[in-house]
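Trainee: Handing you a structure now.
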Amino acid sequence: MKITDVTVQTFRYTSSEGRDAEGHGHPADPHDATQTIMTVTADNGAQGHVFGANPQHVAALVKPHLVGEDPFYREKIWHQLYTYQRGNTGVLTDHLLGLVDMALWDLAGQHFKTPIHKLLGATRDKVPAYGSTMCGDELPNGLSTPEEYGRFAEWLVKRGYKAIKLHTWMPPIKWAPDARMDVRACAAVREAVGPDIELMIDCYHHYSRSEAYYIGKELEKLDYKWIEEPMDEYSVSSYVWLAEQLEIPVIGPEYHAGKMQSRAEWIVRGACDITRGGVTDNGGISPLMKIVHLAEAFNMAMEVHGGGPGNLHVLCAMSIPGQYYERGLLHPFIDWEKPKPWLKTIDDPMDEDGFVHISQKPGLGQDIDFDYIKANLVK
Ligand code: LLH
Ligand code: MG
């Protein structure tokens, strides 16, 4: 089998989310936006699809490496692109590498009529979710006060979540960051949900050591499950220091580049108590499975960063206590149960006990609305 084409189509939709000056997502008034679908096609007609790739970068950097290759030689293709990243790091990102790898896995799944978690070697078909909030804001009745976090957390528990992670306030909010306000929000949520719900924090990512230590110590009193990215992750020594000081587990890295190699360094240096990876952080399903096996070899807990079908398939093929699916980012103004305009159903349906069930459709298992995409193509 040979890859014959790699295309990216752009289409219009109406978005109700926007990004602030530092890149954090928030609710926004409905506005015009675009999305892309990348399609990898093989000579027997099999196709793999993935959303979100940049058309110019795919045409210039990815397509020449894929056309003519056997689509099942994922490791060969991945390593070619990985070595090609050196010199093209700015545009051939781990994010793009991840999308290419997922499209190839999707193609394989479509060809073999099998969902990816079963091609990987499945361990389960449902995963407990945590409700992951958006970052704090200044929207009344949104996430603008500790009390509003508390009220939203109560609602999340009624919806079925057994675990919640707060993203607290970050710049460009004028008064943020504020470690004391973060602790107040965490206390309000613990007060609202009681002792039986697992809680985590993901706060401002550039606190000092002493601020991170303060938050960690306070969250130990509130029985939080982990503290995430409170300092710049490139200062690995700071995380070694923090993990030594705190009882509460330190999780990471999320943002620190370096694929499975950086995870190995964090584990060996004792910079985290729970390791972490995600399909678009680390270059796809293939390297994320290597992080899973790395964690397994070190008998280390692992969590997966971010939602979406790629991460869900990996979670359903993990044999270590990589526990949760990160569902969100959630906000009182956003209806997470409503499919994106280009999907007929959502990727991560959750039952009333807080479990997300994986699709049993082939490949990534997404329920793509090709008619919507066709009708809204940007010519
Ligand atoms: O800063 C943000 O907007 C969030 O932290 C975001 O990166 C989110 O993906 C995350 O960190 N989840 O764990
Ligand atoms: Mg995070």
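Every number here is computed from the coordinates shown, using simple stated rules; none is lab data. Source: prediction; values computed, not measured. Reconstructed Cβ throughout: ideal geometry from the backbone, glycine too, with neighbour counts over all protein chains shown.
Trainee: How big is the convex hull of the Cα atoms of the chain, per residue, in Å³?
Mentor: With only Cα atoms used, the chain gives 134 Å³ per residue.
Trainee: Could you pull out every residue, at least 5 positions away or on a different chain, whose amide H is within less than 5 Å of the one on Ala28? Hs are placed 1.01 Å off N in the peptide plane, and Pro or chain starts have none.
Mentor: Amide H neighbours of Ala28, under 5 Å, 5+ apart: Glu17, Gly18.
Trainee: If you don't mind, there's one more thing I want to ask. Once the Cα atoms of helix 146-159 and of the chain are each reduced to a long axis, what angle between those two axes, in degrees from 0 to 90 to the nearest 10, is obtained?
Mentor: Rounded to the nearest ten degrees, it is 50.
Trainee: Quick one: angle between helix 94-112 and the longest Cα principal axis of the chain, in degrees between 0 and 90, rounded to 10, please.
Mentor: 60 degrees
Trainee: Now, a different point. Relative to the present Cα-Cα distance, how much length would full extension add between Lys338 and Tyr84 at 0.36 nm per residue of separation?
Mentor: Result for the pair: 87.6 nm of gain on full extension.
Trainee: Sort Val236, Val292, Val50 so that the residue with the fewest other Cβ atoms within 10 Å of its own Cβ comes first and the one with the most comes last.
Mentor: In increasing order of surrounding Cβ atoms, one gets Val236, Val292, Val50.
Trainee: Nearest 10 degrees is fine. How inclined is helix 209-221 to the longest principal axis of the chain, computing both from alpha carbons?
Mentor: For helix 209-221, the angle is close to 80 degrees.
Trainee: Something else about it: What nm value, rounded to one decimal, do you get for the distance between Lys76 and Met1 when each label is placed 7 Å out toward the C-beta?
Mentor: Calculated label separation equals 1.4 nm.
Trainee: Here is a follow-up. Each residue of the stretch 227-244 in turn: what ³J(HN,Hα) in whole Hz from Karplus with 6.51, -1.76, 1.60 and θ = phi - 60°, glycine and Pro shown as x?
Mentor: Result, rounded to whole Hz: 10, 10, 6, x, 9, 4, 6, 6, 8, 4, 4, 5, 6, 4, 4, 5, 4, 6.
Trainee: When the Karplus curve 6.51 cos²θ - 1.76 cosθ + 1.60 is applied with θ = phi - 60°, which whole-Hz ³J(HN,Hα) does each residue of the stretch 366-378 get, with x for Gly and Pro?
Mentor: 6, 9, 7, 8, 5, 5, 4, 4, 4, 6, 10, 4, 8
Trainee: Moving on to the next point. Rounded to the nearest 500, what is the 222 nm mean residue ellipticity of the chain from helices alone, with -39500 (n - 2.57) per DSSP H run of 4+ residues and division by all residues?
Mentor: -10500 deg cm²/dmol
Trainee: Still on this structure, please answer the following. Among Asp353, Asp137, Asp125, which one moves the most in a GNM of the chain with springs linking Cα atoms closer than 10 Å?
Mentor: Asp353
Trainee: Now for a separate question. Among the aspartates and glutamates, which have Cα under 16 Å from the Cα of Lys217 when same-chain residues fewer than 8 positions away are ignored?
Mentor: Asp178, Asp182, Asp202, Glu228, Glu229, Glu244, Glu247, Asp273
Trainee: Next question, about the same structure. With θ taken as phi - 60° and the coefficients 6.51, -1.76 and 1.60, list the Karplus ³J(HN,Hα) couplings across the stretch 57-70 in order, rounded to whole Hz; mark glycine and proline as x.
Mentor: Ordered by residue, 3J(HN,Hα) equals 5, 5, 4, 7, 10, 9, 3, x, 7, 9, 4, x, 7, 6 Hz.
Trainee: Going down the table (Lys76/Lys118; Lys344/Lys379; Lys174/Lys221; Lys165/Lys379; Lys113/Lys158), which pairs top 30 Å between alpha carbons?
Mentor: Pairs exceeding the cut-off: Lys165/Lys379; Lys113/Lys158.
Trainee: Quick one: if you stick a label point 7 Å off each Cα along the C-beta vector at Ser235 and Thr10, how many nm between them?
Mentor: The two pseudo-label positions are separated by 4.0 nm.
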